[in-house]
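Here is the structure we will look at, set down as structure tokens.
The values are calculated or read from the model by the stated rules, or taken from the named source; none is laboratory data. Just so we're clear, the structure is a prediction, and the values are computed from it rather than from any experiment. Reconstructed Cβ throughout: ideal geometry from the backbone, glycine too, with neighbour counts over all protein chains shown. Keep in mind that these areas ignore ligands, DNA and RNA; they rest on the heavy atoms of the full protein, side chains included. Shrake-Rupley method; radii C 1.70, N 1.55, O 1.52, S 1.80 Å.
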Amino acid sequence: GRLSMSFGDRVATTSQPLVRRLLRLMEEKRTNLCVAADLGTARDVLQLADKVGPHICLLKTHVDSISDFTAEFPKQLTELAERHNFLICEDRKYGDIGSTSADQYSSGLFSVSSWAHLVTVHALPGDGQLTALSDRAAGAERGALLVAEMSSKGCLVQPAYTAAVVKMAEAHPYFACGFIAQSSVSSDPRFLVLTPGVSLVSTADGHGQQYSSPERAVGERGADVVIVGRGVTRAEDPAAAAREYAQRAFSAYLQRLK
Ligand code: BMP
């Protein structure tokens, strides 16, 4: 299953182009770190992306928190992604009826479908949302990560919900690339499991976020990719911090294969 296979060996288990590309990238670049670039201006996000770019497989944005967003931002971010070889995930957590989510995805100020390889989606509304988003991807290399569990204290998600999210992904493997989760929700090697709530300096943030270490996330809980925000963005040297998180997460992954 997923936990005992290398990223490289998992490429052959799926025909989803984006999953194949990300697995290859992780294997070749030897990183399973995603940095959550949660900063307030376009310049700060781009500068961070340039610094951490060599150490990451994926950069995660919350583009609606950027105060000075213009169409220049995704253009420049895409250039950095190509230069440093990482993919981009907009963490929008769509959660409406298919028609509305599809409009939010492909139009408006952000035009997310034109630049984000991956987006996050709440499965709550049902699978019409996935088919609607997939239609708007219009043949481009695009995909979704389904929120199966959350890292925050008091999260309302129950095991039966998580199991249903996994079933939904299994029914839509052309667009569902994997899960945002806190545990090994699926052993299917086609799906990526990404785990936020990872920090080496904090255990909580006072607003419900709960942290564990990269070793715990990858080795014990079964994450493929660890997502680190403030552990990197608030470090004195974000590039050095990203390198450390990447090394620790990748070592834990190699250890898992033994
Ligand atoms: P930080 O490492 O600074 O706590 O940031 C975590 C990031 O992961 C944030 O961008 C947050 O939106 C996201 N996230 C999370 O923390 N928990 C979840 O369950 C799902 C998330 O997307």
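Being within 16 Å of the chain's Cα centre (by Cα) and aliphatic (A, V, I, L, M) narrows it down to one of LEU58, LEU130, so name that one.
After ruling out the rest, the residue left standing is LEU58.
Go through the range 189-224 and give me each residue that's open to solvent by 10 Å² or more (accessible area, probe 1.4 Å), touching a Gly at 6+ places or on another chain (Cβ under 9 Å) and under 24 Å from VAL19 (Cβ atoms).
Correct list: PRO189, ARG190, PRO196.
If the requirement is being within 12 Å of the ligand (Cβ to nearest atom) and among the polar types (S, T, N, Q), which of these qualifies: SER186, SER212? Before the answer, list the steps.
Values: SER186 fails: within 12 Å of the ligand (Cβ to nearest atom).
So the residue among SER186, SER212 that is within 12 Å of the ligand (Cβ to nearest atom) and among the polar types (S, T, N, Q) is SER212.
Against the condition under 17 Å from VAL228 (Cβ atoms) and modelled with pLDDT of 95 or more, how does LEU23 come out, does it pass? Give the derivation first.
Values: under 17 Å from VAL228 (Cβ atoms): no; modelled with pLDDT of 95 or more: yes.
Against the criterion (under 17 Å from VAL228 (Cβ atoms) and modelled with pLDDT of 95 or more), LEU23 does not qualify.
Of the residues that make up the range 155-178, is at least one within 11 Å of the ligand (Cβ to nearest atom), open to solvent by 20 Å² or more (accessible area, probe 1.4 Å) and out of contact with any Lys or Arg (no Cβ under 6 Å at 6 or more places or on another chain)? Can you show your working first?
As a first pass, look at the range 155-178 and keep what is within 11 Å of the ligand (Cβ to nearest atom): 155, 157.
If we keep only those that are open to solvent by 20 Å² or more (accessible area, probe 1.4 Å) as well, we get 155, 157.
Keeping just the survivors that are out of contact with any Lys or Arg (no Cβ under 6 Å at 6 or more places or on another chain) gives 155, 157.
There is at least one residue in the range 155-178 that is within 11 Å of the ligand (Cβ to nearest atom), open to solvent by 20 Å² or more (accessible area, probe 1.4 Å) and out of contact with any Lys or Arg (no Cβ under 6 Å at 6 or more places or on another chain).
Wholly within the range 1-101, which helices (runs of 4 or more DSSP H) include no fewer than the required count, namely at least 2 residues that are at positive phi and open to solvent by 70 Å² or more (accessible area, probe 1.4 Å)? Spell out the reasoning first.
Working: elements: 7-10, 17-29, 42-52, 72-84.
Result: empty, no element qualifies.
So which residues in the range 134-154 are part of a loop (DSSP other than H, G, I, E, B) and either away from the ligand (no atom under 16 Å from the Cβ) or hydrophobic (A, V, I, L, M, F, W, C) (or both), if there are any at all? Working first, answer last.
To start, the set of residues in the range 134-154 that are part of a loop (DSSP other than H, G, I, E, B) comprises 138-142, 148-154.
Within the range 134-154, ALA138, GLY139, ALA140, GLU141, ARG142, ALA148, MET150 meet the criteria.
Look through the range 59-93, keep the residues that are touching a helix residue (DSSP H, G or I) at 6+ places or on another chain (Cβ under 9 Å) and of a type in the set (Val, Ile, Thr), and return whichever of them is nearest to the ligand (Cβ to nearest atom).
THR61
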